[in-house]
Amino acid sequence: MMDIIHLLPDSVANQIAAGEVVQRPASCLKELVENSLDAGASRIQILVRDAGRTLLQIIDDGSGMSETDVRMAFERHATSKIREAADLFTLHTMGFRGEALASICAVAHVDVQTRRKEDEVGTRLEIAGSQVMRQEPCQCPVGTNIRVRNLFYNVPARRKFLKTDQTELRNLLTEFYHIALVYPKVQFTFVSNDEILMELPAGSEKQRIEQIFGKNSSKSFTGQLVDIKSDTEMVSIYGFVGKPEMAGKNAQQYFFVNGRFMRHPYFHKAVLTAYAGMLPNDYSPSYFIYFNINPSSIDVNIHPTKTEIKFADEQAIFQILMATIRESLGKFNVGPSIDFDRQGEIEMPIPSQNGTTTMPKVTCDPTYNPFRTSSKTYTPSGWDKLYGPLSSQDTHSASVVRSESPMDSKTDMEQEQMLFEGNVTDVSVWQYASRYLLLPVKGGILFVDQRRAHISVLYQQFLAQIAEHKGAMQQLLFPEELALSIDEMKLMQTMLNDLRAVGFDLEQISKQAFSISGVPALLGGENAVSVLKEILHNVLETGASVGQQWQKSIALALASSAAMPYGRALAEDAQRQLLSDWLALPACKLTPDGKKVAFVMTDDEIARKL
Ligand code: ADP
Ligand code: MG
């Protein structure tokens, strides 16, 4: 009997492989532009016709190729970028598989002209359907000029599979943005059917974002981006997030890792969590976030078209990312600038509780030095904390975050100057709508959300109780049973000590159930089961189990549950007590889960309205 197995001719093998690498003009563009970048180009021109169907041309000023290399470049697995499998883990180039050009030339007419700096003449090579049609010396500038015409001319099924020109052009631009946003130092031009769509000069990342999304979108990013930055041993993160008022339904959202675009639904969630409470429902923030990480702690999926990447420490990075963004938003959240030239006594009209107008006096300390670090930091009248940058202690991952020192930049120092000295017992305070506490501060009126302030205060108390194992317990009349999933059960066992420290009396009664006989005294009896469930749920959800971050989840869930509800009228004593407790916190501007607690309506704003 005849043997029936034989090797496919290269042209067929390449055509099959091309289906993997080149699905549409956009993937072709990506491969070609990445090659130009790998070749060290500083200027790249992209020209397309009919959304890349008829023509896709990339002109670069990179290294160019020698006469032999250009011929080799179109062979399968021909690459100058790795020599052995181990090199895959220390990649510094975009391409490495050596199959892009082989794939492209299997399904299109390719015409390339290329010259190296050291060569007098360049080389011109024409290939169609993997067959070399022509190779000859030519006059051309240093760099590479590659034209890909009639993509899929020999694969009708692929051609039919392409969408309308409009859609394919959008796909091209999407790929283009993914690259252009990480190479702001490279100058790019994008021309479609002789029309210049993008002309991007070299600049910074921020400028590149503004170049790309500045003109064409209805909302420009100029001046609307908040810088984020965090350097830890595990990962370094920098980038920009849109101010909350920029958010919308069509936000621009980009993650990059080590210079490549990636998708990461889990980290996306970290960003959304950082904005919790700042955006209307179904509004999403824009972000451009660049991660740099040791390549050995990520799994770059070497599939050519996949953009999902797995990190070794996703939960810890989630925490770092969330805390970093929250801190930056916190800095930015600083209220409108206050006229701090006026010192000494400030007098301003505010309504008193009986509706008439009084003129309370607020005393400021004109000798106050905002750069003095010691004594004032934790005084109960710590107004200074009101405008201080969000302390990392207030975030969910204090222990892992090491972001830029808040005193690093000038603007932060300027913010520090808006400080104000005062004492809650000296000024009028009053409650509005059983929901807000108001009090006069330097240069305006402070509005405080009473429930959020209370949550912030209780949160610190619960944290302290966990740390000191001093939680007061209240015995339940009837023990309650808490049934748990296997995940929850595991977590429960790790967290048990901390839960007991804060005042829970818990006993395991079966494989998947605990009985609760006592709860933290501050909590009151009713909601033991739901609070515990919520704690477990939050910890599982946010991955707070890293580095015992769950203590913060415990404290937050208890604080939210124990805090006074809205609609509670407070006696004046209680108002003062709450305000001074809240102002004594190391960071009081935002709740531990990032909601704004207070804002100042300035004298200017009031005056403008009258
Ligand atoms: P890979 O990029 O994975 O190495 P490709 O098939 O994309 O594989 O390219 C093969 C080789 O051709 C590259 O390794 C590089 O040496 C060379 N090459 C491709 N494009 C260019 C270019 N624009 N400038 C210089 N050399 C290039
Ligand atoms: Mg390549």
Could you list, in sequence order, the residues of the range 551-588 that are among the basic types (K, R) and either farther than 30 Å from N497 by Cβ or surrounded by fewer than 21 Cβ atoms within 10 Å (Cβ to Cβ) (or both)? R568, R576
By residue number, the members of the range 298-332 that are modelled with pLDDT of 80 or more, surrounded by fewer than 17 Cβ atoms within 10 Å (Cβ to Cβ) and in a strand (DSSP E or B) are K310
Members of the range 29-45 that are of a type outside the set (D, E), assigned to a helix (DSSP H, G or I) and over 18 Å from K117 (Cβ atoms): L29, K30, L32, V33
Looking at R49, R76, which one is charged (D, E, K, R), modelled with pLDDT under 95 and either within 13 Å of ligand 2 (Cβ to nearest atom) or within 30 Å of T164 (Cα to Cα) (or both)? R76
Hey, S230 farther than 25 Å from G62 by Cβ and in contact with a strand residue (DSSP E or B) (Cβ under 6 Å, 6 or more places away or on another chain) or not: yes
For the range 421-430, does any single residue satisfy the condition of being at pLDDT 80 or above and outside any strand (DSSP E or B)? yes
Within the range 104-123, identify whether any single residue is within 13 Å of ligand 2 (Cβ to nearest atom) and either modelled with pLDDT of 65 or more or in contact with a Phe, Trp or Tyr (Cβ under 7 Å, 6 or more places away or on another chain) (or both), and answer yes or no. yes
Just checking, does the range 58-67 include any residue being within 12 Å of ligand 2 (Cβ to nearest atom) and modelled with pLDDT under 95? no
Scan the range 468-483 for residues that are among the aliphatic types (A, V, I, L, M) and at pLDDT below 85 and jot them down. A472, M473, L476, L477
So if I check each of V191, V182, which one is part of a loop (DSSP other than H, G, I, E, B), more than 12 Å from A26 (Cα to Cα) and among the β-branched types (V, I, T)? V182
Are any residues in the range 133-159 assigned to a loop (DSSP other than H, G, I, E, B) and more than 26 Å from G40 (Cβ to Cβ), and if so, which ones? N150, L151, F152, Y153, N154, V155
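The values are calculated or read from the model by the stated rules, or taken from the named source; none is laboratory data. Keep in mind that this is a model prediction, so the values were computed, not measured. Note that we place each Cβ from the backbone using ideal geometry, even for glycine, and neighbour counts take in every protein chain shown.
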